[in-house]
1. Can you list the distances in nanometres, one decimal and ascending, from the residue A:324 label point to the identical position in each other copy, with the point 7 Å along Cα to Cβ?
2. Taking a point 7 Å out from Cα toward Cβ as the label site, list the nm distances between residue C:301 and the same residue in every other copy, smallest first.
3. Using only the heavy atoms of the protein chains and a 1.4 Å probe, how would C:148, A:285, A:154, B:300 rank by accessible area, largest first?
4. If you take the square roots of the eigenvalues of the alpha-carbon gyration tensor of segment A:111-180 and sort them as a ≥ b ≥ c, do you get rounded (a/c under 1.5), prolate (a/b over b/c) or oblate?
5. With springs only between Cα atoms under 10 Å apart, run a GNM on chain C and tell me which of C:174, C:91, C:190 wobbles the most.
6. Evaluate E = 1/(1 + (r/R0)^6) for residue B:335 and residue A:280, where r is the Cβ-Cβ distance and R0 equals 56 Å; express this FRET efficiency to the nearest 0.05.
7. Using only atoms on other chains, find how many Cβ atoms lie within 10 Å of each Cβ of peptide B:44-56 and report the average.
8. Is there a pair in B:297/C:54; A:5/C:198; A:297/B:172; C:67/C:302; C:297/C:334; A:67/A:234 whose C-alpha atoms are over 28 Å apart, and which pairs would that be?
Amino acid sequence: MISIKDLAALLKAEIIFPSGQENLAVTKDLKALAPIASAAADDVTFLANDDYEKYLTITKAACIIVKRVYPGLTAFQLVHANPYWAFAKAAQIFFPPKKHSPGISSQATIAKSAVIGEGVTVFPHVYIGERAVIGENVVLYPGVYIGDDCRIGDNSILRANVVCEDRVVIGKRALIHAGSVLGADGFGFAPGEGEVAKIPQIGGVRIGDDVEIGGLSTIDRGALEDTEVGNGTKLDSHVHIGHGVKVGNNSMLCAFSGIAGSARLGNWVVTGGHSAVGNRVVLADGVQLGAMSAMTKNADEKGAYLGFPAIPQGEWRRQVARVRKLADFEEKLKDLSVRVRELEK
Amino acid sequence: MISIKDLAALLKAEIIFPSGQENLAVTKDLKALAPIASAAADDVTFLANDDYEKYLTITKAACIIVKRVYPGLTAFQLVHANPYWAFAKAAQIFFPPKKHSPGISSQATIAKSAVIGEGVTVFPHVYIGERAVIGENVVLYPGVYIGDDCRIGDNSILRANVVCEDRVVIGKRALIHAGSVLGADGFGFAPGEGEVAKIPQIGGVRIGDDVEIGGLSTIDRGALEDTEVGNGTKLDSHVHIGHGVKVGNNSMLCAFSGIAGSARLGNWVVTGGHSAVGNRVVLADGVQLGAMSAMTKNADEKGAYLGFPAIPQGEWRRQVARVRKLADFEEKLKDLSVRVRELEK
Amino acid sequence: MISIKDLAALLKAEIIFPSGQENLAVTKDLKALAPIASAAADDVTFLANDDYEKYLTITKAACIIVKRVYPGLTAFQLVHANPYWAFAKAAQIFFPPKKHSPGISSQATIAKSAVIGEGVTVFPHVYIGERAVIGENVVLYPGVYIGDDCRIGDNSILRANVVCEDRVVIGKRALIHAGSVLGADGFGFAPGEGEVAKIPQIGGVRIGDDVEIGGLSTIDRGALEDTEVGNGTKLDSHVHIGHGVKVGNNSMLCAFSGIAGSARLGNWVVTGGHSAVGNRVVLADGVQLGAMSAMTKNADEKGAYLGFPAIPQGEWRRQVARVRKLADFEEKLKDLSVRVRELEK
C-alpha cells in the first residue's frame, strides 16, 4: 500500500537499514500494519511499549517503527520520537475510513429551506430541519436528526441516531458516534415558590474542526451563552458537557466524564473515566484529572490531579499510602500510651 | 414584551422607582432580558449573586430584579425574596418555547387503536403502538417510539429518538430530551444453577406532571410494582433510575445520578453528579446528596451528605481535613516515640 | 397456568404438603405469582429474604418457594436451595415474553445482500446493511440500525433505536434494550506533533448467547482485536465496555460500570454501579468489584473488592472505620503530647 520510503517521508522518520544490508530497496511496498508478535513478512509494525522489546529480534515484519535505533535487527527501522503517534498515522493509511456513495435517500425528510452541499450522503429515516446547512461530503446515517438552523461542516460524519437540536454548529471533519445528543437544554432550574422553575436555555452549541465524539455522549446548549468544544478535541462515550462549558483544543475526555455548567477546560486537558469538573471550575492547559476524581477548585497549574476533592497526584498517592498505614498508627499510639502510663507511675 | 408593572405583578415583586424619579411610567415595555453587565437600555436584568453587585450602578438596564432595595440606583428595582427564581420566571416570558404546527406526518407509523388528541404534532419516523393515548398538543419528534398502552399527558414534548416501552405513563407538560429511554427492563437477575436467570420485569413506569428529563437518561420499569417519578421533578442527562424506585416531587437529579432498585427519594431531594443511592435506601424530604457520593443507608434527616459511604457534609469535610493532616500526625507520633524512648532510658 | 407438581418438577424442588393434608391434590393449577404479602388463594409466592418470614403463616398463597421446610404451614412448600433463582424461573412461566407477529415492514430499509431468517419481525424505520445476516425469529424494533456484515443470532431481540455498527456479531437469544450502541470506535488516540491522532479501530464486537444489555449502553469495537462479551453475561443500563475488552460468561455489570480498554473480566464477575476497571486490568473468575470503586491492578483472587484504588472489602471497611476514628486519634495524640511534656519537666 505504501513503500518504506514514502512512509518514512510521511512520518518524517529516519530510515535505518537492516543490519548489513544497507543496499536493500526502500521502495518495496508494505502490505499491512500488524502487532509486533503477529506481523507477517511484508508488514510494518511498531514498538511503543518497552515490554514488547523481546519481539524485536523475532518479528517477521519488514519494518518496525521505533523510538531509538536497535543495532543488529534484520528489519528496517523507522526512528521517530513518538512511535505511538507514528503508528497511528501509519494505521490511518493502512485502514482508511469506509467510502460512502453520495446520495440523498427518498426516505429522508429534508426541509425545503435546508442547504445540502455537494457529495453529501443522507441515509433513510434522517430528518433535516429548516435552514440547516449541510457541508460538502457530509454523511448522515439513518435516524440522524438535524434541527432548524444547524450547520454541519464539510466532511463530517454523524452516525446512526445522532441528534443535533436547533442551532448546533459542528466544524469540519467531525466524527460523531451513534446516539449522541448535542444541544439538549442545559440543566438550569431555580427552585422557589413551591416549584422548580425552568430557566430557558437559549444559548447554542459550537463544535470545532476535527472533533470526535463517542457514542451516547451529551453536549448541552448554553443558558445564555454558547457551549463550546475546541478543534481536535476528542470525547469518549457517555461524556456529559454541561451548559456554557468551554473546552479548548486537543483535549481528551474519557468515558463518563461530567463537566458541570460554565466550567472552562484549556488545551491538552485530559479527564479520566468517571471524573467530574465542578460548576465554573477552570482547568489550565495540560491539566490531567484522574479517573473517579472531581476537581472542585480551579487548577491553575499543568499537571496530574487525583481524588475527591482532587489534589496533585503525588500528594494523593502519599495520602492513600498513609491511610493504609492507619492500623500501624493505631498500634503505635496504643503502645506509646501504655509506655507513658508506665512512666507516669 | 411586558411592562415593568405587569412583570412586577406576575412575580409578586415590589417596585422601587429610580432614585428621585418616583413619577416615571411603569407601563413602559421591557424589550429583553440580559445579564447585568451587558443589558441594554430597555432590558430587564437580575442580581442573584453578590459578586455582581459592582454592576448595579453601571448597568444600562431599565429594571433590575434584586433581593433587597439598593438606594440611589437609576434603574427600577423589582424586589423579590428569591431573585434567581424571579429571573427564571421572567426568562420564561422573554424566551417562550418554540411553537409547533400541529399535524401528523404521513411518514409516521401509528397503530389504528391508538388515540391521538387535538393539536398533536407527530414528526416523521415516529412509531406509536397499540392503544397508546397521546394527549392534546403533545409533540413527538422524529424517531420517537411509543410502545403499546402508553399514555402521554397533554402538552408534553418528547424530543428526537425518545423511547417509551409498553405501558409507560407520562403526565402533563413533561419535556423529555433526546434519546432517553423509559420503561426498559430493570436489572433483575437471579444467579444460580449455572446461569443468571432473568426475573421478568412486569411493572410499569409512571411519570408525574411538569417533569423534565435530560438527554440519554433511563427510567427502568418495575419488577412487580411501578417505578414512579413525582410532579415537578427534574432529571439531568445520563440519569439512571432503577426498577421500582419512587422519586417524590420537585426533586433534582444531576448528571450520572444512579438510583438503585426500590430506593425511595422524598420531595425536594437533590442528588449530585455521579452520585448513587443504594438498593432500597430511603432519602427523606430535603436530603441533598453530594457529587461522587453514595448513600448506602437511609437518610432520615433533611440536610447535605457527602462521601462514600455518605455522611453528613460537615463530618465529611472534617474527615477530609484530618486525612490531609496525616503527615503531621505521623511526624508527631515519631517525635513522641523518640521522646518516650528518651524518658525510658 | 402450571400445576404445583409440574412447577416442582421444573424447578427440581421438593414438595412439602400443607400441614396435616398430605393427600391434597398437587395437580391444581397455580394462577399467578405474587409477593408473599399480597398473594391470592391460587397463587405461588416465594421467601428469598428472611425479613419476610413473618408472612409465612398469614399469606393466602397456595404454594411457597422456600429454602428450608417450615413446619405447620397451611400452604404447599417447594423447597429449593436457591429460592430467588427458583422464583425467577417460576416468574418466567407466569410472565412469558411478549409475542410478536413476524413480518417485514415496508417502511424498513434492507440491503438486497442481507439475509433475513424465518419468522423475523422487522418494524418500520429499521435499517439493515449489506450482507447482514439476521437469524430466525429475530425482532428488530423501530429505529434499529444494523451495519454491514453484522450477524444477529436466532431469537434475539433488539429494542428501539439500538445501533450495531459494521461487523458486530450477536449470539442467540440476546435482548438488547433501547438505544444501546455496539461497535462504535474505541477511544484510541495518540497525542503528538500538535494533534491528537486517531488510531483506526478495525476490530469487531462479538456478543455471546443469552446476553442481556440494558438501555443506552456502549460496547466499543476493538482497535485491532475484537471486543468480546461471553455467554449469559448481563449488562445494566449506561454500561461502557471499551475496545478490546473480554468479558467472560455469566458476569453482571451494574449501571455506569466502565471497563477500560483491553481489560479482561472472568466468569461470574460482578461490577457495581459507577465502578471502573482500568486499562488491561484482569479480574479473575468470581471477583466482585463494589459500587463507586476502581480496580487499578489485577485481582487474581475471587472475592469482593471496594474503594479507589480497590482493595479487599474487609480491609476497605476497616480503613473507613479508622478514618472515622481520626478525631479520636488526634485527641489521644494531643493528650499523650501533654503528658510527655509533663514527664520531661
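1. Once sorted, the set of distances for residue A:324 reads 2.3, 2.3 nm.
2. Spacings between copies for this position, smallest first, are 3.8, 3.8 nm.
3. Largest accessible area first, the residues go B:300, A:285, A:154, C:148.
4. Verdict is rounded for segment A:111-180.
5. Answer for the Gaussian network model of chain C: C:91.
6. Result of the calculation: an efficiency of 0.85.
7. For this peptide, the per-residue mean of nearby foreign Cβ atoms is 0.
8. Values: B:297/C:54 23 Å; A:5/C:198 23 Å; A:297/B:172 40 Å; C:67/C:302 25 Å; C:297/C:334 38 Å; A:67/A:234 25 Å.
Going by Cα-Cα distance, A:297/B:172; C:297/C:334 fall outside the 28 Å limit.
The values are calculated or read from the model by the stated rules, or taken from the named source; none is laboratory data. Since we're looking at a predicted model, the values are computed, not measured. We place every Cβ from the backbone using ideal geometry, glycine too, and count neighbours over all the protein chains shown. Ligands, DNA and RNA are stripped out before the accessible areas are found, and what is left, the full protein with its side chains, is counted by its heavy atoms. Shrake-Rupley method; radii C 1.70, N 1.55, O 1.52, S 1.80 Å.
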